[in-house]
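Some notes on the structure that comes next.
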Amino acid sequence: MLKNGPIILIDDDADEVEILRDALQKLGIQNELIWFSDGLSAFSYLKTTEAKPLLIFSDINMPGVSGIELRRRITEDEEAKRKSVPFVFLTTASGTLAIKEAYAMCVQGFFQKPPLFDDYMKLVKQIYDYWQVCRHPND
Amino acid sequence: MQVAIDVTEQVTARKKIEESEEKFRSLIEEAPVATCLFVGRKLTIEVANEAMIRVWGKGPSVIGKPLAEALPELEGQHFLPLLDDLYTTGKSYKAKGGRADLVVDGKLQNFYFDYDFKPLRDTAGGVYAIMETAIDVTAQILAKKALEENERNLRNTILQASFAICIFRGPQFVIEIANESMLQFWGKGKEVVGKPVFEALPEVKGQGYEEILSGVLQSGNPFSANELSVTLPRAGVLQTVYVNFAYEPIREFNGSISGIMATTIDVTDQVLARQKIEEVVAERTKELAAANLSLERNNRELEQFAYIASHDLQEPLRKVTTFTQMLKSNLGEVDAKSATYFNKITASTLRMIDLVRDVLEFSQLSNKQRVFEPMDIGALIDDLTSDFELAIEQKGAMISHRDLPTFSANALQMRQLFGNLLSNALKFTREGVPPVISISSAVLSDEEKEVHKDLLPDINYCIITVEDNGIGFSEEHAEKIFSIFQRLHGKTEFAGTGIGLALCKKIAQNHHGEIWATSQPGSGTTFHIILPCK
């Protein structure tokens, strides 16, 4: 079922996956965490997977395919798009331009990574809880 | 006894002479030209027709008088000796346009005559009289003299003119007159005068001037042009010079065009100077454009730098705070001291994040200043009031405003400016005293304007005051507080990076306005902001 689907993290920084893993653990969230360090591999996974991921957290600034570019490719690809996996940006940068660009790609959220770990955990919980409740075509 | 002598022959002869004389007399009197007869060496005027009497201007009384007596003004002129001479030689004398000064109407005047003195011989062959015919050509002579005078004047004017003038005559454009300036202009000597121009100046052939000159000669329309180029020899070398020139047709009395007067001004120096200026201007413009490009590139680099600072600097800072907390929780129970150390690390790093963010905001201020739109300041304050709702509620604050204007400004910057002021007013409050913040505005009078030297003269300004009842500050710090990162309180008393007011000042400056503060410690602060209201 979707609620137990894997949580995808796309971020080129290995520290981030450790932070998220720690946060999920402390929050008692047991969904599998799948990490992609670049947009391309994430994209091929999304196209081909049979699994029904719950949520995608993506960074914006990555070498190669940026987060924005990745989102654009997903929306333009029939297979990937059909899966309708909720896609939120979780990033350090939050300039107005980036937010505008992101929403132009129809993202389901745009969040700035809080510096304090406690705040970070709260944010992850908020997003997770939201998508636990929210109805979804893949239910 | 009566003696009769047959005098028939004598009488007949005498009658014949009388008849002849009569005929002669009437011939003279009816002659269309002035005619008269001087008889004897004394030159007695025996016959003079009306025309001649008119010429002499003395009336018919002159008849019968000797010439010298009738026309005393002739003394000193050449007529009397001449006539006397003719008496002797018997030769005739003709003159055209000869001058005679005669007293006519009481005035001595100059006349000119074509006259003819013809000695008459008697039967013995001796000269007994001189017949004069004269035609008054005074008018023609004077006209001709006037014409000659004019021509002389024209010639002199041309020759003495400081700019080049010449006259071409005829379809070959023979150089009739050319003044020194023109000769110099052509780079030739006086030898060209009298030659057709294209023969004297072969270098000028084929530059289009044949057609222009012919056109003027045929159409009678003058031609002028400015800054035309012509190639001429100067010191043996062909050079291109620039001239303003005019060709004027010269008309004869019958309207036909016989020649062309050409005036030329050498403007080579001006044209070359102007070309040089244009070159320099073009170069300067290029330099300016290059400098602009360089500046724009600098700006872009700065923007990139600012972005990198925002992102790449904040990233590791966040890691520090995050991992510090994770470390703390990993360690489980820690002693009080260690806990303090962890908190200090976290606090410092958070502060650094704030500083980096503020520096970024400050540096980006100049980039976004281009977009100005009408701003309702009253509406902005209401908006900010709802943003600060939490703090307002916590402190029991009251924010009011009146008479706030609408004017053209940068929306984001106005938001930052007033946001910072309100945030400060809500922060620097007195213990137990609920903050009361009032904002009002007035038009800046001319006298007040004079006090502030940096304001633009032609713009209307308004002055907005933000007054609070907070902790205030000592007047000696009034300027310091607007310096970047300058704080009057330690970070344990009040949070903040010290950039807020520096930001406000920069924003005011961006809008060609001003900001300053007045205060008393313990009784509140008033911020005064002058902004253009249009």
Shielding by other protein chains, B:345-354, mean Cβ within 10 Å: 1
Ordering of B:82-90, B:335-343, A:56-64 by packing [mean C-beta count within 10 Å, highest first]: A:56-64, B:82-90, B:335-343
Sites matching chymotrypsin sites (Phe, Trp or Tyr not before Pro) across segment B:139-191 that sit in DSSP coil, with at most 16 neighbouring C-beta atoms within 10 Å: B:Phe163
Assigned charges on the beta-carbon of Lys, Arg, Asp, Glu; the protein assembly as shown dipole about Cα centre (debye): 660 debye
Among A:Asp13, A:Asp118, A:Asp38: highest mean-square fluctuation, GNM of chain A, C-alpha pairs under 10 Å: A:Asp118
Per-residue mean of C-beta atoms belonging to partner chains within 10 Å, peptide A:21-34: 1
Segment B:374-453: GluC sites (Glu not before Pro) falling in loop per DSSP and having at most 10 other Cβ within 10 Å: B:Glu431
Under the Karplus curve 6.51 cos²θ - 1.76 cosθ + 1.60, θ = phi - 60°, whole-Hz ³J(HN,Hα) for segment B:386-395, x wherever Gly or Pro sits: 6, 4, 8, 3, 4, 4, 4, 5, 4, 9
Two-decimal log10 I(q)/I(0) for chain B, as the Debye equation yields it once each C-alpha is a single scatterer, q = 0.07 Å⁻¹: -0.74
Trypsin sites (Lys or Arg not before Pro) within segment B:129-232, DSSP loop, no more than 16 other Cβ atoms inside 10 Å: B:Lys205
Solvent-accessible surface (1.4 angstrom probe) belonging to B:Tyr209, in square angstrom, nearest 10: 20 Å²
³J(HN,Hα) computed for each position of segment B:223-229 - Karplus, 6.51 cos²θ - 1.76 cosθ + 1.60, integer Hz, glycine/proline x: 10, 9, 8, 10, 6, 7, 9
Three-way shape label, segment B:145-220, alpha-carbon gyration tensor, a/c 1.5: oblate
Residue with peak Gaussian network fluctuation, chain A [Cα springs, cutoff 10 Å], from A:Ala42, A:Ala104, A:Ala23: A:Ala104
Mean Cα-pair separation over length for segment A:1-127, i.e. relative contact order, pairs under 8 Å, 6 or more apart, %: 25 percent
For chain B, cysteines whose Cβ has no other cysteine Cβ within reach (under 4.7 Å): B:Cys36, B:Cys166, B:Cys504
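May I ask which of A:Lys47/B:Lys319; A:Lys122/B:Lys344; A:Lys125/B:Lys337 have a Cα-Cα span longer than 29 Å here?
Cα-Cα > 29 Å for A:Lys47/B:Lys319; A:Lys125/B:Lys337; rest within.
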Simple Cβ-charge dipole of chain B, Lys/Arg +1 and Asp/Glu -1, about Cα centre, in debye nearest 20: 1100 debye
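For the protein assembly as shown, what Kirkwood radius comes out of the mean inverse Cα-Cα distance, in Å? The partial results should precede the final answer.
Numbers: mean 1/r = 0.0259 Å⁻¹.
Computed over the protein assembly as shown, the radius equals 38.6 Å.
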A:Lys47, B:Lys118, reordered so the largest accessible area comes first (probe 1.4 Å): B:Lys118, A:Lys47
Helix axis angle, B:79-89 relative to chain B longest principal axis, alpha carbon, degrees: 40 degrees
Segment B:364-424: C-alpha gyration tensor shape, a/c 1.5 cut-off, then a/b vs b/c: oblate
Chain B: relative contact order in percent, alpha carbon pairs under 8 Å with at least 6 residues between: 7 percent
Placed amide H near B:Tyr112: partners under 5 Å, 5+ positions off or other chain: B:Ala100, B:Val137, B:Thr138
Within-14-Å neighbourhood charge of B:Phe342 [Cβ basis; K, R +1; D, E -1]: 0
Nitroxide proxy distance, nm - points 7 Å out along Cα→Cβ at B:Val281 and B:Phe163: 2.3 nm
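Provide the packing ranking of B:120-127, B:136-143, i.e. peptides ordered by the mean count of other C-beta atoms within 10 Å per residue, highest first.
Per-residue Cβ counts within 10 Å, averaged per peptide and sorted highest first, yield B:136-143, B:120-127.
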Cβ neighbours within 10 Å from other chains - mean over B:323-331: 3
Sequence-separation-based contact order of segment B:339-443, relative, with Cα cut under 8 Å and 6+ spacing, percent: 31 percent
Other-chain or far-sequence residues with amide H under 5 Å of B:Arg234's (modelled H): B:Gln239
Pairs of alpha carbons in segment A:17-70 whose separation is greater than 15 Å (percent): 53 percent
Crossing angle, helix B:336-363 versus chain B [Cα axis fit, 0-90 degrees, rounded to tens]: 10 degrees
Cross-link partners of B:Lys205 among lysines (Cα-Cα below 30 Å; sequence separation of 8 or more within a chain): B:Lys188, B:Lys190, B:Lys195, B:Lys276
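So, with +1 on the Cβ of K and R and -1 on the Cβ of D and E, and no other charges, what is the size of the charge dipole of segment B:414-534 about its Cα centre, to the nearest 20 debye?
Values: 11 positive and 14 negative charges, 125 e Å.
For this selection, approximately 600 debye.
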Segment B:406-526 - Debye-derived log10 I(q)/I(0), Cα point model, q = 0.22 Å⁻¹: -1.46
Prolate/oblate/rounded label for chain A (Cα gyration tensor, a/c 1.5): rounded
Proximal charge balance of B:Gly98 [Cβ under 12 Å; K/R count +1, D/E count -1]: -2
Cut-off under 5 Å, modelled amide H: who pairs with A:Trp35 long-range: A:Leu9
For B:Pro81, net neighbour charge (Lys/Arg +1, Asp/Glu -1) across residues whose Cβ lies under 13 Å away: -2
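The values are calculated or read from the model by the stated rules, or taken from the named source; none is laboratory data. If you're wondering where the values come from, they're calculated on a predicted model, not measured in any experiment. Methodologically, a virtual Cβ is constructed for each residue, glycine included, from the backbone with ideal geometry; neighbour enumeration extends over all protein chains shown. Just the protein is used for accessible areas: all its heavy atoms, side chains included, with ligands, DNA and RNA removed. Shrake-Rupley method; radii C 1.70, N 1.55, O 1.52, S 1.80 Å.
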